[in-house]
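These notes concern the structure reproduced below.
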Amino acid sequence: MTTQEKLEKIVKTLDMKKAEDIQVIGITNLTIIADYFVIATGTSTTQVKALADEVEYQLSQQGVEPKGTEGYRSATWIVLDYADIVVHVFYRDTRAEYQLERLWADGEQVDISHLLIDESGAF
C-alpha cells in the first residue's frame with residue numbers, strides 16, 4: 001500500500017466508525033517522525049479503543065501492521081505508528097489538553113472532505 005492509500009483507508013475507517021473531528025496534518029517538511037499525523041476523537045474510552053482497533057484491523061487486512069502502539073491501557077490517547085503515518089485517537093478531554101493541532105500548526109492541513117461521509121450517507 002502506498003502512503004496515500006493507507007491515509008485514505010485510515011480516514012475512511014475512522015469516519016465509518018463515527019470518529020469526531022478527524023484531521024490530517026502533513027508534517028514531511030517539519031520532521032522525520034512521519035509524513036502525516038491523523039488525529040481523531042472518540043466520545044468515550046470504549047470508542048477510542050474501538051476506533052484504534054478498527055484501524056489496526058482494516059490495515060492488517062491489507063497486510064500493513066503498525067510498527068508500534070501505545071495507550072491501550074488507559075484508552076484516553078492511543079497511538080498507532082505506521083512509520084509514514086502516525087494515528088492519534090483521543091478521548092475528547094485528552095485531545096483538548098494536548099492540542100496536537102496547535103503544536104504542529106506549521107504542518108500542512110490536508111483536505112479530507114472528499115473522504116468523509118456526508119450527512120446523507122454518501123461519500
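The values are calculated or read from the model by the stated rules, or taken from the named source; none is laboratory data. Every value quoted in this text rests on a predicted model; they were computed, and no experiment measured them. Reconstructed Cβ throughout: ideal geometry from the backbone, glycine too, with neighbour counts over all protein chains shown.
Observations on the model:
- Options 10, 39; residue that is touching a residue at least 40 places away in the same chain (Cβ under 8 Å) and over 17 Å from residue 117 (Cβ atoms): 39
- The residue pairs whose first member lies in the stretch 101-118 and is over 17 Å from residue 29 (Cβ atoms), whose second member is β-branched (Val, Ile, Thr) and not in a helix (DSSP H, G or I), and whose beta carbons are closer than 6 Å, counting only pairs six or more residues apart or on different chains, are 112/24.
- Note on the stretch 28-54: residues that are within 16 Å of residue 103 (Cβ to Cβ), at pLDDT 95 or above and surrounded by fewer than 19 Cβ atoms within 10 Å (Cβ to Cβ) amount to 0.
- Answer residue from the stretch 85-114, given it is among the aliphatic types (A, V, I, L, M) and over 13 Å from the mean Cα position of the chain (by Cα) and is modelled with the highest pLDDT among those: 96
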